[in-house]
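What follows is one structure encoded as structure tokens, with my remarks underneath.
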Amino acid sequence: MRIILSFAVALALTVSIAAQGEGLQFEGETHLKNIKQLTFGGENAEAYFSPDGKKLIFQSKRGDLGCDQIFTMNIDGSDQKMVSTGKGRTTCSFFMKKSKRIIYASTHLGDPECPPNPDFSQGYVWAIYPDYDLFTAKPDGSDVKRLTDTPGYDAEATLSPDGKKIVFTSTRDGDLDIYVMDADGKNVKRLTTELGYDGGPFFSPDGKKIVYRSFHPKTEKEIERYKDRLANDLIEPNNFELWIMDADGSNKKKITDLGDASFAPYFHPNGKQIIFSSNHLAKDPRKRNFDLLMVNIDGTGLKQITTYDSFDGFPMFSPDGKKLVFASNRNAANQGDTNVFIADWVE
């Protein structure tokens, strides 16, 4: 599920990679060096490393595609290819154990056409498409197998480090909650139960904890508004906080209390810090200025990682901790372009 507005954009395939050196890094981004742009034009986001760190899987709306499809590429940006069906809308892809299969969410069984975009007339919302189910396939996109078949939204799936467990978000019990299941789809267990949105989960490097984003309405007005939006398959992503819990759902603890939209949390390889995206430092709250931030798992030591004055999001460390991949509007050829970037990580 993305936090990027949709724009009508064209794929700028003729842009020379060699000409992209300027404008990739900004003052204060001391944890990053050798930033390289991997995609050029369109909407590209949620790029995640393969277990061996040699490939990336990501979602992209480019060229004639009416909505997001899943692509893979090498970490230098070469060999980009679509690996989803090309039907429906897809999101939230991930490599499975030893890169033998991939997993992603798709609406193509509900309708082969792109589902309609949500109505933004009453504010910015995400669509919780009920046709989303989880699918696995071989890395080249063949041998597609359906993993979930319960009514409602199933998406936002990621894998445990040992490849044995899938953690994901679902509305199967009437609310947006986090679930875990075996890699073959069996033994589904619900991990969160509090009213509100719980999603975007990732395992810690040792597989013992899960970090995620949440919005739990408290007041009567908030609860009514949340339930109304959810009944219409929508959610307002305006106030997310980060939480952490044990892999079995116990010991839930709130990490942030920023009062803004914080999302896309991912563990630092040391297991003691979380990198994430937030508009907490935006000077103008009306602007979509999201930066990458880092915080200790106990909520202390908040630190700014990127300083670009627009969107930076969806960070992920390479398995060896030497690289960071993220999505950004920086160096956009067209207004609204979001591209994938990779950088060396500097401790």
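Points worth noting:
- When you count the other C-beta atoms within 10 angstrom of each residue and take the mean per peptide, 312-318, 180-186, 54-60 line up highest first as 312-318, 54-60, 180-186.
- Euclidean distance between Cα centres, segment 118-169 to segment 272-347, Å: 23 Å
- Isotropically averaged projected area of segment 79-237, using the convex hull of Cα atoms (one quarter of hull area), nm²: 10.1 nm²
- What the Cβ-Cβ distance of Lys100 and Asn74 gives, at R0 = 25 Å and to the nearest 0.05, is a FRET efficiency of 0.90.
- Ranked by the mean number of other Cβ atoms within 10 Å of their residues, highest first, the peptides 302-310, 137-145, 167-175 come out as 167-175, 302-310, 137-145.
- The stretch between Lys272 and Leu302 holds 9.5 nm of extra length on full extension. This uses 0.36 nm per residue minus the Cα-Cα distance.
- Amide hydrogen proximity for Arg101: with H placed 1.01 Å from N in the peptide plane, the residues at 5 or more positions away or on another chain lying under 5 Å are Met96.
- Long-range amide H partners of Asp260 with built H, under 5 Å: Phe240
- The sum of -39500 (n - 2.57) across all DSSP H runs of n ≥ 4, divided by the residue count of the chain, sets its helix-only mean residue ellipticity at 222 nm to -1000 deg cm²/dmol.
- 3J(HN,Hα) from dihedral phi, segment 56-73, Karplus parametrisation 6.51/-1.76/1.60, rounded to Hz, x for glycine, proline: 10, 10, 8, 10, 8, 10, 9, x, 8, 5, x, 7, 4, 10, 9, 10, 10, 7
- Here the peptides 82-89, 294-301 are ranked by packing, the mean other Cβ count within 10 Å, and the order with the highest first is 82-89, 294-301.
- Calculated from backbone phi, Karplus (6.51, -1.76, 1.60) coupling profile of segment 127-140 in Hz, x at Gly/Pro: 8, 9, 4, x, 7, 5, 10, 8, 10, 10, 7, 5, x, 8
- Estimated translational D of the chain in µm²/s (Stokes, Kirkwood radius over Cα pairs; 37 °C; 0.692 mPa s): 164 µm²/s
- Across segment 100-112, rounded Karplus estimates of 3J(HN,Hα) from the backbone phi angles (6.51 cos²θ - 1.76 cosθ + 1.60, θ = phi - 60°) give 6, 9, 10, 10, 7, 9, 8, 9, 5, 6, x, 6, x Hz, Gly and Pro being marked x.
- The chain: Cys lacking any partner C-beta under 4.7 angstrom: Cys92
Every number here is computed from the coordinates shown, using simple stated rules; none is lab data. Keep in mind it's a predicted model, so treat the numbers as computed, not measured. No Cβ is skipped: glycine too gets one built from the backbone with ideal geometry, and neighbour counts run over all protein chains shown.
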